[in-house]
Structures are given as C-alpha cells and as structure tokens.
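What follows is a short report on a single structure.
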Amino acid sequence: AQSVSQHNHHVILSEAASLELGCNYSYGGTVNLFWYVQYPGQHLQLLLKYFSGDPLVKGIKGFEAEFIKSKFSFNLRKPSVQWSDTAEYFCAVNADSGYSTLTFGKGTMLLVSP
Amino acid sequence: DSGVTQTPKHLITATGQRVTLRCSPRSGDLSVYWYQQSLDQGLQFLIQYYNGEERAKGNILERFSAQQFPDLHSELNLSSLELGDSALYFCASSVRDTAYNEQFFGPGTRLTVL
C-alpha cells in the first residue's frame with residue numbers, strides 16, 4: 001500500500017518569504033499526485049494536481065509543485081507567501097491502479113505572520 | 001462552498017452508542033468518499049461508493065458501515081463507539097470514479113465521544 005510523508009508538521013514564515021513544503025510518497029508504480037489546502041474554518045480544496053507530462057505543475061493562488069520521480073517527491077512551492085496563505089496543506093497520492101481513492105499525508109500547518 | 005453538504009456539523013455522544021453521519025454530494029456527482037481525520041492518524045480514507053455500489057474500502061473498522069442511497073446521498077454509521085473514534089469525518093464527492101475527477105470535500109462532521 002502506498003504512503004505519504006510530509007516532512008514538516010508546522011511551518012512559520014513571514015510575509016514575502018518563499019515557501020517549500022516537502023512531500024514524499026512510497027509506491028513503485030504510476031501515481032497521480034495532489035496538493036489540497038484547508039483554510040481555517042473551511043473545507044479542503046484542491047490546489048494543484050499532477051497526472052503526467054510536465055513535472056512542474058502550476059495551481060491556484062501562485063502555487064506550483066514539482067514531481068521528481070527519482071526522489072518519489074512532489075514538493076509544493078510558492079515564491080512569496082501572503083498572510084492569506086495561512087492554512088493546512090495536505091499532499092495526497094492516488095496509485096494509478098484503477099481506483100480513485102486518495103492516500104493523504106498528515107498535513108503541514110503553515111502560519112504566515114504579517 | 002464546495003456543494004457537498006454534511007450533517008450534523010457537530011455530534012457529541014457517549015461510548016457504546018451508535019450515530020449516523022449524512023452526506024449529500026454535489027449535484028451530478030456519482031461517487032462518494034468518506035474520510036476520517038484525527039490528530040494521530042491524519043486524514044484516512046474509509047470507504048467509497050459509486051452510484052450506489054461499494055467501490056473501495058480503506059481503513060474502515062468493522063463497527064463502521066456505510067451506504068449510498070438511490071438519490072446518491074450517503075450515510076456513515078458508527079456503532080459501539082469508543083473514545084478513539086472522536087474525529088472529524090469528511091465526505092467528498094466526484095463526478096465519476098477516476099482519479100482524474102477532482103474530489104470535492106464537505107465541511108465535515110466533528111464527532112466527540114465522551
């Protein structure tokens with residue numbers, strides 16, 4: 001079974017700092033990769049996704065992620081964070097096995113101070 | 001608002017009791033997923049239904065069961081509740097049963113078992 005690990009449980013940044021959240025997965029086959037975000041008091045929503053093609057994918061709100069197959073990684077980045085990016089971020093994997101279910105990491109809580 | 005609704009928002013009950021959580025998917029979505037989010041386990045997939053049929057099972061306890069009705073709403077039944085069942089239970093829906101269709105999450109039901 002696949003698993004997902006997110007390196008940091010909590011990250012604190014100042015506005016305008018750059019962000020990189022780590023995500024590694026364990027699965028030897030083809031995967032589909034996702035980042036979800038949960039803003040305070042809101043539901044989870046999709047930030048970006050990777051299925052195939054260009055390993056650098058762009059999502060909403062200026063976020064991007066890079067799939068590095070050799071490292072089993074799918075790190076999330078943003079060049080300059082804003083206070084409104086304060087949220088919990090979840091990396092998720094779907095093993096391309098015909099099922100659509102997602103395996104989530106435990107999440108990273110990002111706090112951006114103004 | 002994702003279009004997925006869950007009721008109730010909060011539920012407080014005692015050990016040994018049974019509760020039912022309800023989820024209404026987005027209009028037109030055939031697939032419903034249930035997830036459990038707890039501090040120690042993170043966000044874990046429980047079970048998926050597609051057009052009324054069970055499609056995939058994750059880490060769902062035998063004390064838990066679910067079903068999807070002809071109108072596509074779903075219910076998650078939790079019985080013989082234990083303190084450790086206290087968690088946030090999310091429902092998600094997608095149009096079809098592929099990873100290429102985004103899963104839209106509801107606001108969750110917070111279950112507290114005393």
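Bear in mind that the values in this text are calculations on the coordinates, not laboratory data. For clarity, every value in this text was computed on a predicted model and none was experimentally measured. Note: ideal-geometry Cβ built from the backbone for every residue, glycine included; neighbour counts use all protein chains shown.
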Fill in: Furthest towards positive pole of dipole, A:21, A:73, A:11, structure part the stretch A:3-113, Cβ charges
A:73
Fill in: Estimated vicinal HN-Hα couplings, Hz - the stretch B:32-49 in sequence order (Karplus 6.51, -1.76, 1.60; Gly, Pro = x)
10, 10, 10, 10, 10, 10, 10, 5, 8, 9, x, 9, 10, 6, 9, 7, 10, 10
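Before anything else, pin down the relative contact order of chain B: Cα pairs under 8 Å, at least 6 apart, normalised by residue count, whole percent. Don't jump to the answer; show the numbers that get you there.
On the way: 294 pairs, mean separation 42.1, N = 114.
RCO, chain B: 37 percent.
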Worksheet entry | Overall Cα dimensions of chain A - principal axes, largest extent first, Å | 43, 27, 22
Worksheet item: When only C-alpha pairs under 8 Å and at least 6 residues apart count, what is the relative contact order of the stretch A:52-114, in percent?
Response: 25 percent
Worksheet, complete the sentence: In this structure, the FRET efficiency calculated for residue A:51 and residue A:80 from their beta-carbon separation, with R0 = 35 Å, to the nearest 0.05, is 0.80
Worksheet item: What size of dipole, in debye to the nearest 20, comes out for the stretch A:3-113 about its Cα centre when the only charges are +1 on Lys and Arg C-beta atoms and -1 on Asp and Glu C-beta atoms?
Response: 120 debye
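What percent does the relative contact order of the stretch A:3-113 come to when contacts are Cα pairs within less than 8 Å and at least six residues apart?
Computed over the stretch A:3-113, the figure is 38 percent.
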Worksheet item: Taking amide hydrogens as modeled 1.01 Å from N in the peptide plane, which residues meet the under 5 Å criterion relative to residue A:107, leaving out close sequence neighbours?
Response: A:6, A:91
Fill in: ³J(HN,Hα) computed for each position of the stretch A:100-105 - Karplus, 6.51 cos²θ - 1.76 cosθ + 1.60, integer Hz, glycine/proline x
9, 6, 10, 10, 9, x
Worksheet item: For the stretch B:77-91, what does the Karplus curve 6.51 cos²θ - 1.76 cosθ + 1.60, with θ = phi - 60°, yield as ³J(HN,Hα) per residue in whole Hz, taken in order and with x for Gly and Pro?
Response: 9, 10, 10, 6, 4, 10, 4, x, 7, 4, 5, 9, 10, 9, 10
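Kirkwood Rh and Cα-based Rg: tell me the resulting Rg over Rh for chain B, rounded to two decimals.
Details: Rg = 13.2 Å, Rh = 13.9 Å.
So for chain B, dividing Rg by the Kirkwood Rh gives 0.95.
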Fill in: Residues of the stretch B:41-79 with amide N under 19 Å of the 7 Å Cα→Cβ point at residue B:15
B:61-64, B:78-79
Response to the item:
Highest mean packing first, using Cβ neighbours within 10 angstrom, the peptides A:38-47, A:11-20, B:20-29 sort as B:20-29, A:38-47, A:11-20
Fill in: Net charge, residue A:34 excluded, C-beta distance under 11 Å - Lys, Arg +1, Asp, Glu -1
0
